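The values are calculated or read from the model by the stated rules, or taken from the named source; none is laboratory data. Computed from a prediction, not measured in an experiment: that's the story for all the values here. Glycine also receives a Cβ, built like all others from the backbone with ideal geometry; neighbour counts cover every protein chain displayed. The accessibility values were calculated without ligands, DNA or RNA, using every heavy atom of the protein model including side chains. Shrake-Rupley method; radii C 1.70, N 1.55, O 1.52, S 1.80 Å.
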Amino acid sequence: MRRHLGTIVGLGLAAALALALITIANISLSGIRLDLTEKRLFTLSAGTLNILAALEEPVSLDFYFSKQALSDYPLLMNYATRVRELLEEYAARSDGKLRLTVIDPEPFSEEEDEAVAKGLQGIPINSAGERAYFGLIGTNSIDTLAIIPFFRAERESALEYELSKLVYKLANPEKYTVGIISGLPLFGSARPTAAGRGGAAWAIVNAMREFFVLRNLGTAVETIAADISVLLIVHPKALSENTLFAIDQYLLRGGKALIFVDPLSESDTPQSAAAMSMPAPGLDLGSDLKAILDGWGIRVIEGKIAGDISLAMRVQTRGARGLEERSYLPWLALDGANLNRQDFTTAELDRIHIGSAGIIEKEPDSTLNFEPLIETTSQSMQIDRSTLLSAPEPTALLRDFAADNKRQVLAARVSGTVNTAFPEGRPDGAEDAPTDVLKTGEVHVILVADTDLLSDMFWIRTQSFFGMEIPQTIADNGDFVINALENLAGNTDLISLRSRGESARPFTVVEAIRREAEAEFREREQQLQARLEETENKILALQQEGGDGAVILSPEQAREIEKFRKEQLLTRKELRAVQHELQKNIEGLGTMLKFINIGLVPLLIALLAVFAGIYRSRQRP
């Protein structure tokens, strides 16, 4: 009895001691955190910590998560835990300026009504009309509202950036001002152009107006106001020295800029040339900022256009057999594999269309940070601008194609310390006080070697709906511009945030097989076209020998035509064989992967179990 009583007392004391230790740990160790995850998922970046430290007014965050309703969705449950714990880390590091409230809105409750009224998106969970919520509502001291309608698990890599951007916007609620210097009629023109629709403003301007205050500075500005959050420079042709000096000093003061230059801007084509859908020789369609970029060690290769055979858009051309579709090397449809997935400007974009883009390079002796945002594949080449100005046939460009086996950079983020391009002071010769002209400074710009991606024709299709013209997007060009401006307009800490990576793994082997077969198919197609032209020339020569009035084919002509038809049938069979081999290779790879995953692994485990059983039976006496 005494022994049992001692055991009970010991267990009671142990439980009391454990409870005391837990209580003490919760009180004294609540601020201590240890991140043991592989990708440091719960460690806030330096940029986020700086944003939290700069909070002057309190910010309230209401995290809505329908825990009970979403309990049957383990993916969302795990992600919700990740979001909540990261928000708790934000609150812990904000020195009390960020107040977090976790809300589980019951169906048809006041909390749900408030969530819906403020813009949260609910997902239906049953036929009774009940909805579940997984979003964030942020407010500041003047009741400015910022929301994340629904946290999507596929955007987990951008979670810290989205949260930090929301907090920063609440701390700085005013709309950013974008100053625009453009050599293209973005705001409309008196006459129709290749890119605009008559005299209307371009669609990209209407898209920017939803998010920013736009200020058209013209092309002869001599002073850039300090209240401009970011400078948008488009096709800077023949800018004056004073305008270049104003840009130089704005950037050295810490101003951010999104710059679009172009060695061949098809959007700059006059209407007479635009009617031909091709650039015309003798026109000055190029632009650059060499006066500034040369001093940085950054250049857009002069007179060269990027062409990529694996990204080329299909265009209609008129051939011997009527309208045909051909790949046009300078017009590129870039997908996710060509966009920087570690930069938030391009991380979530799917497709960008460009036309006749230039190529950006960093000089070996440049000390700037150079991060490509948009690149071609290695199946690309540099095309002479003069070749495109002569309006070549797409077939001729394909025939002369030779891959450089190098990815060409079409857009890049450039940052670092630079010297002024005007060390002697103002170019107009005015005397300045020593402090008037900055000699060095930190710059941060996004440089794009194409202006045509801004043009309506490359990312907008207009559909008529009950007499109204409704623009429909066919590419993410507008989102790229908005993302870039928003990213640059924020402070440097927000810009410095980077994605924590993705877990998606594309079928690169299958894609390689497809491209290899397509290359072979394209070569056979070119051979067929060459045979066709050769035979047509022979038929034309025979007809000329027979006289202008000959309408009946001679036996020799008939034999030539029959020979061509046989060659045509044979080549078509070869093309079908290539396509069949392509599908066969892909299906064979799929079959092999299925066997490895479904059959081989279980078979190896079964064999291992059999051998283990035999071994153990032999070890028994």
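Here are some notes:
- Selection within the stretch 141-151 - touching a residue at least 24 places away in the same chain (Cβ under 8 Å) and more than 30 Å from Ala225 (Cβ to Cβ): Ile147, Pro149, Phe150, Phe151
- Here Arg82 meets each of (1) among the basic types (Lys, Arg); (2) within 30 Å of the chain's Cα centre (by Cα); (3) surrounded by fewer than 16 Cβ atoms within 10 Å (Cβ to Cβ) with one exception, condition (3).
- Checking each residue in the stretch 186-204 for being buried (at least 20 other Cβ atoms within 10 Å of the Cβ) and at pLDDT 90 or above picks out Leu186, Trp202, Ala203, Ile204.
- Residue within the stretch 127-140 that is of a type outside the set (A, V, I, L, M), without any contact (Cβ under 8 Å) to a residue 24 or more places away in the chain and surrounded by 20 or more Cβ atoms within 10 Å (Cβ to Cβ) present: no
- Yes/no for Ala337 being open to solvent by 60 Å² or more (accessible area, probe 1.4 Å) and hydrophobic (A, V, I, L, M, F, W, C): yes
- Search result, residues across the stretch 152-181 that are open to solvent by less than 10 Å² (accessible area, probe 1.4 Å) and over 22 Å from Ser229 (Cα atoms): Ala158, Leu159
- The helices (runs of 4 or more DSSP H) found entirely in the stretch 420-531 that carry 2 or more residues being at pLDDT below 80 and crowded, with 16+ Cβ neighbours inside 10 Å are 492-496.
- Within the stretch 21-131, strands (runs of 3 or more DSSP E) holding 1 or more residues that are at pLDDT below 90: 122-124
- Considering residues of the stretch 65-79 that are open to solvent by less than 90 Å² (accessible area, probe 1.4 Å) and among the hydroxyl-bearing types (Ser, Thr, Tyr) only, the residue farthest from Glu162 (Cα to Cα): Ser71
- Residue check, Ile309 touching a residue at least 60 places away in the same chain (Cβ under 8 Å), β-branched (Val, Ile, Thr), open to solvent by less than 30 Å² (accessible area, probe 1.4 Å) and over 20 Å from Phe480 (Cβ atoms): yes
- Scan of the stretch 366-381 for residues that are within 19 Å of the chain's Cα centre (by Cα) and assigned to a loop (DSSP other than H, G, I, E, B), ordered by number: Thr376, Thr377, Ser378
- Scanning the stretch 107-146 for residues that are closer than 24 Å to Gly96 by Cα and among the small types (Gly, Ala, Ser) turns up Gly135, Gly138, Ser141, Ala146.
- Residue under evaluation Glu88, criteria (1) surrounded by fewer than 15 Cβ atoms within 10 Å (Cβ to Cβ); (2) out of contact with any Ser or Thr (no Cβ under 9 Å at 6 or more places or on another chain), criterion not met: (1)
- Of all residues in the stretch 100-126, those satisfying the criterion of being touching a residue at least 24 places away in the same chain (Cβ under 8 Å), open to solvent by 60 Å² or more (accessible area, probe 1.4 Å) and of a type in the set (Val, Ile, Thr) are Thr101, Val102.
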